[in-house]
Each structure stands twice: as C-alpha cells, then as structure tokens.
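The values are calculated or read from the model by the stated rules, or taken from the named source; none is laboratory data. What you are looking at is a predicted structure, and each value in this text was computed from that prediction instead of being measured. A quick note on method: Cβ atoms are made from the backbone with ideal geometry, for glycine too, and the neighbour counts reach across all protein chains shown. With ligands, DNA and RNA removed, areas are computed over all heavy atoms of the protein, side chains included. Shrake-Rupley method; radii C 1.70, N 1.55, O 1.52, S 1.80 Å.
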Amino acid sequence: MQLTTKGRYAITAMLDLAANNTGKPITLDIISQRQNISLSYLEQLFAKLRRADLVKSVRGPGGGYLLKAQEKDISLTQIIEAVDENIDLRRCKGLGTCNNGKQCISHQLWCDVSEQIRDFLDGKTLKMVIDNHEGL
C-alpha cells in the first residue's frame, strides 16, 4: 500500500475541518489556503467525502462544508476508503493469484501487515489526531 496524495490530502483537509469546527461551514478555499492544497483537487475529494456521508455541504452565502459526524466518530480508514484509496499490500487484492495464478509464498505476511495497518488507521479518529497534535 502506498498512501497517495489523494488519501493524505483527504485526511489533512478533514483534520482542518475538524480542528476549525465552530459549527459554521468552512469553504474549500479557506482549507486550500491553510493547507496549501489545490482548490480543484479539494473539490474532487470533497465530492467523494460527501458521497461517503462524512461531510455535508451548505449552499449559498456563508456556505461551505461541515463534518457530518463528530470528530471522535470519524476514523482515518473511513476517510481513506471514501476517496478510493486501498489499504491492502497484497498485489492480488486477496484473490490468492499472486504467483502465476497461485498464492505466493509471502501472501499471508501481506495479509497480516494489511490487517495491522487497517486496524491502526481504524483505531485513529480525527479527534485523536487533533488532540495529539495540540499536545505537542
């Protein structure tokens, strides 16, 4: 698994939204400026995050985005999966066809590592990351 900019930027943008949550919508332009992420890229990511029910959009003057749930209830895994990132180190995607149609010798190792990564990210919420950052 290689976490691409899509997953990293989605997490960063969601952390920004959570850390600056005042109950009022935040525009993508503001997040773009604060986090130095392209506005057009954020628009693509937030369309996926909205479809995954992680954020809600508010239209009109004073509009922008709000978290759909509390910071403590949104895991990093949810965000990564919402933007179509893959948390799986297996080349065969679990099919067991990694070595000319058969399971490769390291298949179980990559299954175990993928599970550990998923468990780690699933156990981290936006709130936990923000609280850890503020404590530094």
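Quick rundown of the values:
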{"read-out": "Given 56/93; 6/102; 6/56, the pairs whose alpha carbons are separated by over 27 Å", "value": "56/93; 6/102"}
{"read-out": "Kirkwood hydrodynamic radius over Cα pairs of the range 10-53, then Stokes diffusion coefficient at 25 °C and 0.890 mPa s, in µm²/s", "value": "234"}
{"read-out": "Relative contact order (%) - the chain, alpha-carbon pairs under 8 angstrom, separation at least six", "value": "28"}
{"read-out": "Cα principal axis extents for the chain, largest first, Å", "value": "57, 32, 24"}
{"read-out": "Given charges at beta-carbon only (K, R positive; D, E negative), |dipole| of the chain in Debye", "value": "360"}
{"read-out": "Tilt relative to the chain, helix 39-51 - C-alpha long axis, 0 to 90 degrees, to 10", "value": "70"}
{"read-out": "Solvent-accessible area, 1.4 Å probe, carbon plus sulfur percent, for the range 1-115", "value": "47"}
{"read-out": "The chain: angle of helix 5-19 to the longest principal axis, Cα-based, in degrees nearest 10", "value": "40"}
{"read-out": "Prolate/oblate/rounded label for the range 41-81 (Cα gyration tensor, a/c 1.5)", "value": "oblate"}
{"read-out": "Average accessible area per residue (Å²) across the range 33-112 - probe 1.4 Å, nucleic acids and ligands excluded", "value": "62"}
{"read-out": "Per DSSP, loop trypsin sites (Lys or Arg not before Pro) in the range 44-136 with at most 12 further Cβ within 10 Å", "value": "59, 93"}
